[in-house]
Amino acid sequence: MEEYNILRMQDRLKEYLTRDRFIHTQGVMYTATALAMCHGEDLVKAQVAGLLHDCAKCIPTGKKLKICKKNDIALTKWEEENEALLHAKVGVYIAKKKYGITDPEILNAIRYHTTGKADMMPLEKIVYIADYIEPGRYKAKNLPEVRHLAFQDLDETMYRILRDTILYLSGSANTMDPSTTEAYEYYQKLHNERKGANT
């Protein structure tokens, strides 16, 4: 198993993030670790993925696009038009290049923490959820309920977050990545199947 120097990573990361983004990142790291502890997943991987999930967030948009072009990072038309989505794919590159991360579970958790996707692995779900519920978050709908649910059922929490996200974004143009729609449809189906089995 790979060993990671979390403190060294934090010190390095602090140089590249704004103060508020670094505080958010620490919140995600601790929340992801707590969720991993609760659900029997790898604590160290959760720490690293939580810490690095936004490692590319504060890179200017033009530079993110240059990194993608220079390193053959394929972007969808959607990603090219929505700056907020770029940092996930660039984050995978930065995690590999600057922090030496090679573990595909950690890299995929970084990759899908913004949009989600259908049939996510446990660590991917943990980082996605931690990003939504960490203590510094306060704007999202139903947060106390979602926070409570996160420590009971990851799949049901994914459904609730995706449902609330889609309801929130449905009033905005050009904000819904196709992966998010696919993720919602997947977890909605799972939710309905489980609900049907319990009636």
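The values are calculated or read from the model by the stated rules, or taken from the named source; none is laboratory data. This structure is a prediction, so every number in the text was calculated from the model and none was measured. All Cβ positions, even for glycine, are placed from backbone atoms using ideal geometry, and neighbour counts span all protein chains on display. Surface accessibility is based on the protein's heavy atoms, side chains included, excluding ligands, DNA and RNA. Shrake-Rupley method; radii C 1.70, N 1.55, O 1.52, S 1.80 Å.
Please work out which one of (1) open to solvent by less than 80 Å² (accessible area, probe 1.4 Å); (2) over 20 Å from Ala74 (Cα atoms); (3) not basic (Lys, Arg) is the condition His87 fails and give its number.
Only one criterion in (1) open to solvent by less than 80 Å² (accessible area, probe 1.4 Å); (2) over 20 Å from Ala74 (Cα atoms); (3) not basic (Lys, Arg) is unmet by His87, namely (2).
Name, by its number, the condition in (1) open to solvent by less than 30 Å² (accessible area, probe 1.4 Å); (2) at pLDDT 95 or above that does not hold for Lys64.
All conditions pass for Lys64, except number (2).
Ala56 fails exactly one of the following numbered conditions: (1) part of a loop (DSSP other than H, G, I, E, B); (2) open to solvent by less than 40 Å² (accessible area, probe 1.4 Å); (3) in contact (Cβ under 8 Å) with a residue 60 or more places away in the chain. What is the number of that condition?
Ala56 satisfies all of (1) part of a loop (DSSP other than H, G, I, E, B); (2) open to solvent by less than 40 Å² (accessible area, probe 1.4 Å); (3) in contact (Cβ under 8 Å) with a residue 60 or more places away in the chain except (3).
In the stretch 182-199, what count of residues is obtained for those that are buried (at least 16 other Cβ atoms within 10 Å of the Cβ) and either at pLDDT below 85 or of a type in the set (Ser, Thr, Tyr) (or both)?
3
Go through (1) modelled with pLDDT of 90 or more; (2) under 14 Å from the mean Cα position of the chain (by Cα) one by one and return the number of the condition Thr165 breaks.
Looking at each condition in turn, Thr165 falls short on (1).
For Ala95, are the conditions met, namely being in contact with a helix residue (DSSP H, G or I) (Cβ under 6 Å, 6 or more places away or on another chain) and more than 23 Å from Pro135 (Cβ to Cβ)?
It is true that Ala95 is in contact with a helix residue (DSSP H, G or I) (Cβ under 6 Å, 6 or more places away or on another chain) and more than 23 Å from Pro135 (Cβ to Cβ).
Table: residues versus (1) at pLDDT below 95; (2) of a type in the set (Val, Ile, Thr).
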residue	(1), (2)
Asn5	yes, no
Thr18	no, yes
His24	no, no
Val28	no, yes
Met37	no, no
Gly40	no, no
Leu43	no, no
Gly50	no, no
His53	no, no
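Has the stretch 70-82 got at least one residue that is within 12 Å of the chain's Cα centre (by Cα) and in contact (Cβ under 8 Å) with a residue 12 or more places away in the chain?
No, because not a single residue in the stretch 70-82 is within 12 Å of the chain's Cα centre (by Cα) and in contact (Cβ under 8 Å) with a residue 12 or more places away in the chain.
Could you tell me how many of the residues in the stretch 1-42 are among the acidic types (Asp, Glu), surrounded by fewer than 11 Cβ atoms within 10 Å (Cβ to Cβ) and not in a helix (DSSP H, G or I)?
2
Is it the case that Val127 is out of contact with any Leu (no Cβ under 7 Å at 6 or more places or on another chain), among the β-branched types (Val, Ile, Thr) and more than 30 Å from Asn71 (Cα to Cα)?
So Val127 fails the test.
Does Tyr187 count as among the hydroxyl-bearing types (Ser, Thr, Tyr) and under 15 Å from Leu35 (Cβ atoms)?
Considered against the rule, which asks whether it is among the hydroxyl-bearing types (Ser, Thr, Tyr) and under 15 Å from Leu35 (Cβ atoms), Tyr187 comes out as no.
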